[in-house]
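In what follows, a structure is listed as structure tokens, so that the remarks can point back to it.
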Amino acid sequence: MHSDSRPSPGVKAAALGLTLAALAVTATACSSSSPSSGSSSASSAPSGTYTVWDPYPQFDNSSAWVQLLDKCGTAAGVSVKR
């Protein structure tokens, strides 16, 4: 029996991928709207704060994980709350 209870690198990578995919889907789904008839200036850019489930709550704001999460949120035009 394996006594180390830490997740393997593959599990960590899968969790990261799922979290980022969920963030992308959430940002895309929440930002999609049909423009009003006759209005061509409607903005479809996402905004606001999105709360995500963080599989790594033990990491502080200086960790690579949190910096990546913040960077993805910024690139999507939203704020991410862990």
What length, rounded to one decimal in nm, is gained on full extension from residue 15 through to residue 82, with 0.36 nm per residue of separation minus their alpha-carbon distance? 22.7 nm
Between the modelled labels at residue 68 and residue 8 (7 Å from Cα along Cα→Cβ) the distance in nm is 1.8
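Readers should treat all values here as calculations from the given coordinates under stated rules, not as data from a laboratory. Since we're looking at a predicted model, the values are computed, not measured. Neighbour counts are summed over all protein chains in view; Cβ atoms, including those assigned to glycine, are modelled from backbone coordinates with ideal geometry.
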